[in-house]
Structures are given as C-alpha cells and as structure tokens.
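Q: There's a structure below that I have some questions on.
The values are calculated or read from the model by the stated rules, or taken from the named source; none is laboratory data. Values in this document were obtained by computation on a predicted structure and should not be read as measured data. All Cβ positions, even for glycine, are placed from backbone atoms using ideal geometry, and neighbour counts span all protein chains on display. Side chains included, ligands, DNA and RNA excluded: accessible areas come from the protein's heavy atoms. Shrake-Rupley method; radii C 1.70, N 1.55, O 1.52, S 1.80 Å.
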Amino acid sequence: MLDNFAVVLPVFIVVGAGYLAVWAKLFSDDHIDGMMDFAQKFAIPCLLFSAVSTLDLSQDFGWPLLLSYYTGSTICFFAGLMGARLVFGRAWPDAVAIGFACLMANTALLGLPIMERAYGREALDPNFAILSVHAAFCYFIGITAMEIASAHNKPPLKIAATVTRAMFRNSLMIGIMLGFFVNLTGLFIPGVLSDAITMISSSALPIALFGLGGVLYRYKPEGNMKEIAWICVLSLIVHPAIAFGLGYYLADITTGQLRAAVVTAAMAPGVNAFIFANMYGVAKRVAASAVLIGTALSIFSASIWLLILP
C-alpha cells in the first residue's frame, strides 16, 4: 500500500505546489489561466496528436477496453443525473451538470501521470485509446442532455447544431482528429516538425498539474455536501468498480488495458466539469467543490485501486 501511495503522491505534490504558489501570491490567477490555456489548448492537444498518430489501432483500440471504461462512465452519468433530480431535488439543468461531473473524469491531467508513474510510459497506449474518444463522448452526452433539459421547444436540428459546433471547437478534439488523420493516411511528418511537437507535448503534464493546483485554489468547498459526496462516490468508487468488474471478465482484454481502464476510471472529476457547469450557469459551486474534494481524495482511492489491480 505504501509503495502505491508513493507512486501517486508525487503527482499530487505538483498539484499542491501550484495550489500553494497561488495561496502565497507567487502566481496570480492570470498566470495560472495562461498556464492552463497553454496546457489545454496547445500542449495536451500536441500530446494527444502524437499519441493517436502512432497508436496501433488494431492492438490498442480494442472494444473490451472501451466497453469496460465507457459502460461505467455512462452508468455514472445517469446515476449522478437521476440522484441529483430525484434524491436531492435539483432542477434538470443542475442535475445534468452534476451528472456531467460524474462522467468527465480527469483522464489527462491525473490519469496519465499516475499511470506513467505506476507502470511506465510504455504502458500509456491504452490510456491514449480511451482519451482519443473521451472528449467527444462526454461532451456529446453532456451537451445533448443539457440542450434537451433547457430546450424550451428548441428544434432537434438546432440542438444537433449546438452539440456539433461545441465539439469541433474543442482543441483536444482537434488534436485527436488530426492524430487519427495522420494515423489512417500514413501522412509523413517531417522530423523537424515532429521534434517541435514532442518538445511542446513533453511540457503538457507538469504544467497542467501545476496549473490545476492553482485553479483548485479558487474553488473552496462550501455547501451542498451531499451532492458533492454523491459525485465522489460515483467517480472514485462506482466507475472504477464497474470498469474492473467488466474488464476482469472480458476474455479479450489484456492486463495493460484493464489497468488503464480502472486507473482512468478512478480519477476525480476534471476541471472541465466546472467549465461545463459555468458555461451553462448551473450547479457551479457543486461542480467546483467536487473537483477540489475529489482530487484530494484521489490520493487515497488511486492508491487502493493500484493495490487491487494485477
């Protein structure tokens, strides 16, 4: 257990360093926003482009991996949605935002570094396979549900246009789509350009983790603790449990894919959960507090799941 804790802890020390830097006023909110903009709009898209463009689609992009992860993801979305509506009495738009927090795990900023620390960089290909459809899957479900919840007789074609426009403006989606284009066409990338992309992508995770700490400093937990606890239980326990249960009994899944599915599923809600809530102006305090508290609890939950995994 202590060994697994030692694997996870450095990732959160970097997050904590960003948190303390903003607390000590060494970094302003503008500095952190600039770091996160660079990470999310340039560095992580470059990382995803590099990874997806070189994925062995026949080996790494397997249905048992995606089924074991995204079944749990979908179940947790609807559990979060219906729990918020029926148990906690939230309005439908609030309930969708709470469901989205259960759906949108922090696959990149936490999942990748913890997986790399635990199993090495060579073990990340299944993670990239999950990541390659993560943004599209989550935003499709979340935006569609939110548009329906707040439609007010909006025509279906207008809802579809809103969903499509939001997805194709996402920088992560652009990096992933370009990566698939290169992978499927065999397009040659000049060495100079490839080296530049590698330089940018190598900075993605440490900058993003540090910036995440700075972002989390803004969102102090307050109120709505039952909803926040519900999100954390679904995100940190139920989702990885479903991924482990399905993956364990799927004959075609490899040990590496099982690890990737469970570790990724065990991550706290990502900052995108708050961005989504903020975009629609609903359940912002719940989403922000769930990101903060869930990230802190991930130190322990991720260590336990690493102990359980083969």
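Q: So, of the residues in the range 27-69 that are modelled with pLDDT of 85 or more and outside any helix (DSSP H, G or I), which turns out to be least open to solvent (accessible area, probe 1.4 Å)?
A: Top of the filtered list is S28.
Q: Run down S171, S202 and say which single residue is hydroxyl-bearing (S, T, Y) and either within 15 Å of D37 (Cα to Cα) or at pLDDT below 85 (or both).
A: The unique qualifying residue is S171.
Q: Against the condition in contact with a Leu (Cβ under 6 Å, 6 or more places away or on another chain), within 29 Å of A283 (Cβ to Cβ) and not β-branched (V, I, T), how does A39 come out, does it pass?
A: Against the criterion (in contact with a Leu (Cβ under 6 Å, 6 or more places away or on another chain), within 29 Å of A283 (Cβ to Cβ) and not β-branched (V, I, T)), A39 does not qualify.
Q: Quick check on G72: is it assigned to a helix (DSSP H, G or I), open to solvent by less than 20 Å² (accessible area, probe 1.4 Å), in contact with a Leu (Cβ under 6 Å, 6 or more places away or on another chain) and of a type outside the set (S, T, N, Q)?
A: Considered against the rule, which asks whether it is assigned to a helix (DSSP H, G or I), open to solvent by less than 20 Å² (accessible area, probe 1.4 Å), in contact with a Leu (Cβ under 6 Å, 6 or more places away or on another chain) and of a type outside the set (S, T, N, Q), G72 comes out as no.
Q: Could you please tell me which pairs satisfy a Cβ distance under 7 Å, a separation of 6+ or placement on different chains, a first residue in the range 260-272 that is surrounded by fewer than 24 Cβ atoms within 10 Å (Cβ to Cβ), and a second residue that is part of a loop (DSSP other than H, G, I, E, B) and among the small types (G, A, S)?
A: none
Q: Among the residues of the range 143-155 satisfying the criterion of being open to solvent by 40 Å² or more (accessible area, probe 1.4 Å) and modelled with pLDDT under 75, which is nearest to A97 (Cα to Cα)?
A: Checking each candidate, the answer is H152.
Listed here are the residues, each with its yes/no results for (1) under 17 Å from the mean Cα position of the chain (by Cα); (2) part of a helix (DSSP H, G or I); (3) surrounded by fewer than 22 Cβ atoms within 10 Å (Cβ to Cβ).
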position: A97; (1), (2), (3): yes, yes, no
position: A108; (1), (2), (3): yes, yes, no
position: G111; (1), (2), (3): yes, yes, no
position: E122; (1), (2), (3): no, yes, yes
position: I130; (1), (2), (3): yes, yes, no
position: A136; (1), (2), (3): yes, yes, yes
position: F140; (1), (2), (3): yes, yes, yes
position: L157; (1), (2), (3): no, yes, yes
position: A161; (1), (2), (3): no, yes, yes
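Q: Please indicate, with yes or no, whether at least one residue in the range 195-213 is surrounded by 13 or more Cβ atoms within 10 Å (Cβ to Cβ), touching an Asp or Glu at 6+ places or on another chain (Cβ under 9 Å) and either part of a loop (DSSP other than H, G, I, E, B) or of a type in the set (A, V, I, L, M, F, W, C) (or both).
A: Yes, because at least one residue in the range 195-213 is surrounded by 13 or more Cβ atoms within 10 Å (Cβ to Cβ), touching an Asp or Glu at 6+ places or on another chain (Cβ under 9 Å) and either part of a loop (DSSP other than H, G, I, E, B) or of a type in the set (A, V, I, L, M, F, W, C) (or both).
Q: Here's a follow-up. Please state which of the following conditions F300 fails to meet, knowing it meets all the rest: (1) open to solvent by 10 Å² or more (accessible area, probe 1.4 Å); (2) farther than 17 Å from N106 by Cα.
A: Going through (1) open to solvent by 10 Å² or more (accessible area, probe 1.4 Å); (2) farther than 17 Å from N106 by Cα one by one, F300 breaks only (2).
Q: What's the number of the only condition in (1) more than 18 Å from N106 (Cβ to Cβ); (2) not in a helix (DSSP H, G or I) that R285 fails to meet?
A: Among (1) more than 18 Å from N106 (Cβ to Cβ); (2) not in a helix (DSSP H, G or I), R285 violates only (2).
Q: Examine the range 242-250 for a residue that is modelled with pLDDT of 90 or more and either surrounded by 24 or more Cβ atoms within 10 Å (Cβ to Cβ) or on the phi > 0 side of the Ramachandran plot (or both), and state whether such a residue exists.
A: The answer is yes, given that some residue of the range 242-250 is modelled with pLDDT of 90 or more and either surrounded by 24 or more Cβ atoms within 10 Å (Cβ to Cβ) or on the phi > 0 side of the Ramachandran plot (or both).
Q: Another one. I'd like to know if the range 163-186 contains one or more residues that are among the basic types (K, R) and under 24 Å from L297 (Cβ atoms).
A: no
Q: With the structure loaded, tell me whether A229 is outside any loop (DSSP other than H, G, I, E, B), under 19 Å from the mean Cα position of the chain (by Cα), without any contact (Cβ under 8 Å) to a residue 24 or more places away in the chain and more than 17 Å from I44 (Cα to Cα) or whether it fails that test.
A: Numbers: outside any loop (DSSP other than H, G, I, E, B): yes; under 19 Å from the mean Cα position of the chain (by Cα): yes; without any contact (Cβ under 8 Å) to a residue 24 or more places away in the chain: yes; more than 17 Å from I44 (Cα to Cα): yes.
Yes.
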